[in-house]
Amino acid sequence: MKTVTHWIAGKPYGDVSGASGTWGPVTDPATGQVTTRVAMAGADEVDAAVAAAKEAYATWRTSPLARRTAILFRYRALLDAHRDDIAALITAEQGKVHADALAEVARGLEIVELACGLGTALKGDTSTEVSSNVDVASVRQPLGVVVGISPFNFPAMISMWMFPMAIACGNTFVHKPSSKAPSASILLAELAAEAGVPDGVLNIVQGDEVAVDALLDHPDVAAVSFVGSTPVARHVYSRASAGGKRVQALGGAKNHMLVLPDADLDAAAEAAVSAAYGSAGQRCMAVSVVVSVGSAGDALVSRIAERAAKVRIGPGNDPASEMGPLVTKAHRDEVAQYVAGAAAQGADVVLDGRGFTVEGLENGHWMGISLLDRVSTDSDAYRNEIFGPVLCVLRAKTYEEAMNIINGSPFGNAGAIFTRDGGAARRFQLEVEVGMVGVNVPMPVPVGYHSFGGWKDSAFGDHRMYGGEAVHFYTRGKVITSRWPDAAETASGPDLRFPASR
């Protein structure tokens, strides 16, 4: 059986022993078989990783920016050459189809490319002669040892959202990936070492909540970046910030797609199917709710159902598959319960994905596509993040009623509107209470040089992910006021007044 362990100080840590001796299972979602065992870190492994990062920080923080940039350029080239290898690991452990896994790697590479050009973002500002012979300069400096905790659904991309920007800024990094899909993290670390990232600058500890809490509490950790569910995001933010750490914690979502009667319903239906069922709905940017306004409802639901029924479901390594299985059996069973509960709570089950299997792979974590119409806002299927291939349709008579529904949600990750009316679109983008907005775009994931993050219960902390805000998260500002008097200038004695600028 394959073994995945930690990566500390530039090499595997614990080898086949896993150091702590505690292991967790990793299954192939398409077969349901345990294919890998992953080491689960305890306090000793966390201490070793943080110590390695702290030691490396002493020299990495002062390494020339040109050297860091050159390493990141080599790293980008290696990642590009190994796209298929990384994607294959994602498919084997997360379950998404290979084409989707390749797209994940590509979006992660965007942030590596951003990190390669970070020189202009890290430069400071200087004002000369703010007073006689006095200059003021603003600079940004790294924080120290920073931590990233990433989820199972994007085991490569979200990792690449974090550590390339962090190490480009001069920090060292300890990464805790999901124990459900750990292998990609090790390949990313191996390629980083091959690119020339010094030992200890990037470290990996596998594990569960034991490792997470040890990292959150560690006195030598300066900042924590997290992506996952809202309850865990709230826990990470509360615990780490209580210890004086800087925290960005991105949580769950219930992304709404508002469809007005004037919209191109065929385009809206295509978008809804792609955004709701891609990656089997296991993404925080998935459209999980369509709010149909006025007369659009029946025709829109009919079009969605027609297209959704044609989605080809199968193992991720089959090129014919468009949607793969869910990550674990327990998660599949939980998603199925939401479909059953929605029917009991009054929804019309247009498509029911329960009981779906693939011939020859009956033990896989399969869940077919589900479409629920006329869902009420007090039903469990609407109130909770399902994180599976389930799309809820709500009906609203007016735009105002639809906006009350959307803004009444405790989640505020993303939202989209489909319409031909520019005025309605402009009104929506100003009024909707979410962090990312799409206009005729169902999943408005920002490109790398903008920043990613939601509002309300979808994000905790003041900093968003990647883009310009990552530079502010992974550095801290310092203002330097200096005075170099002329050699002929003589001291005029003490002056106890508040310093003046003139």
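The values are calculated or read from the model by the stated rules, or taken from the named source; none is laboratory data. For clarity, every value in this text was computed on a predicted model and none was experimentally measured. Please note: Cβ atoms are built from the backbone with ideal geometry, for glycine as well, and neighbour counts cover all protein chains shown. Side chains are part of the model used for accessible areas, which takes the heavy atoms of the whole protein and leaves out ligands, DNA and RNA. Shrake-Rupley method; radii C 1.70, N 1.55, O 1.52, S 1.80 Å.
Of note:
- In this entry, Ala30 passes the filter for residues that are assigned to a loop (DSSP other than H, G, I, E, B), of a type outside the set (Asp, Glu) and either modelled with pLDDT under 95 or more than 25 Å from Asp220 (Cβ to Cβ) (or both).
- Where helices (runs of 4 or more DSSP H) sit wholly within the range 327-435, those with at least 3 residues that are open to solvent by 10 Å² or more (accessible area, probe 1.4 Å) and closer than 25 Å to Pro231 by Cα occupy 329-344, 380-383, 399-407.
- Which numbered condition Val105 misses (of (1) without any contact (Cβ under 8 Å) to a residue 60 or more places away in the chain; (2) over 22 Å from Gly477 (Cα atoms); (3) open to solvent by 40 Å² or more (accessible area, probe 1.4 Å); (4) of a type in the set (A, V, I, L, M, F, W, C)): (3)
- Pairs with Cβ under 8 Å, 6+ apart, first in the range 229-252 and farther than 16 Å from Pro410 by Cβ, second part of a helix (DSSP H, G or I) and polar (S, T, N, Q): Val247/Ser241
- Number of residues in the range 150-186 that are aliphatic (A, V, I, L, M) and in contact with a helix residue (DSSP H, G or I) (Cβ under 6 Å, 6 or more places away or on another chain) equals 8.
- For the range 221-256, a residue qualifies if it is touching a Pro at 6+ places or on another chain (Cβ under 6 Å) and crowded, with 24+ Cβ neighbours inside 10 Å, and exactly one does: Val227.
- Yes/no for Lys123 being among the charged types (D, E, K, R) and buried (at least 19 other Cβ atoms within 10 Å of the Cβ): no
- If you go through the range 446-495 and keep only what is part of a loop (DSSP other than H, G, I, E, B), more than 30 Å from Ser159 (Cα to Cα) and open to solvent by 60 Å² or more (accessible area, probe 1.4 Å), you end up with Trp484, Pro485, Asp486, Ala487, Ala488, Glu489, Thr490, Ala491, Ser492, Pro494, Asp495.
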